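The values are calculated or read from the model by the stated rules, or taken from the named source; none is laboratory data. Keep in mind it's a predicted model, so treat the numbers as computed, not measured. With ideal geometry, Cβ positions are generated from the backbone for all residues, glycine too; neighbour counts draw on all protein chains shown.
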């Protein structure tokens, strides 16, 4: 499938280059004269509900967030170290 597409694009390479140029010009025009960007948030979704729950559980102070990872203080015993020996 891709080989057929590549052959077609190679045979019509000037058309392909022209179409790519027009798309590029369109994208640049849309960026220059486009509308105002918004957050894109949709009200009433599960994601919004979950975000509000998380914000209620862990209120953030300022512009930074700290994340802590803990480690159990007890050392595992030698029998539970994950090394198995076979008794043959």
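Tallying residues that are modelled with pLDDT of 75 or more and part of a loop (DSSP other than H, G, I, E, B) within segment 44-78 yields 2. Checked across segment 20-29, the condition of being modelled with pLDDT of 70 or more, in a loop (DSSP other than H, G, I, E, B), surrounded by 10 or more Cβ atoms within 10 Å (Cβ to Cβ) and over 25 Å from the mean Cα position of the chain (by Cα) holds for no residue.
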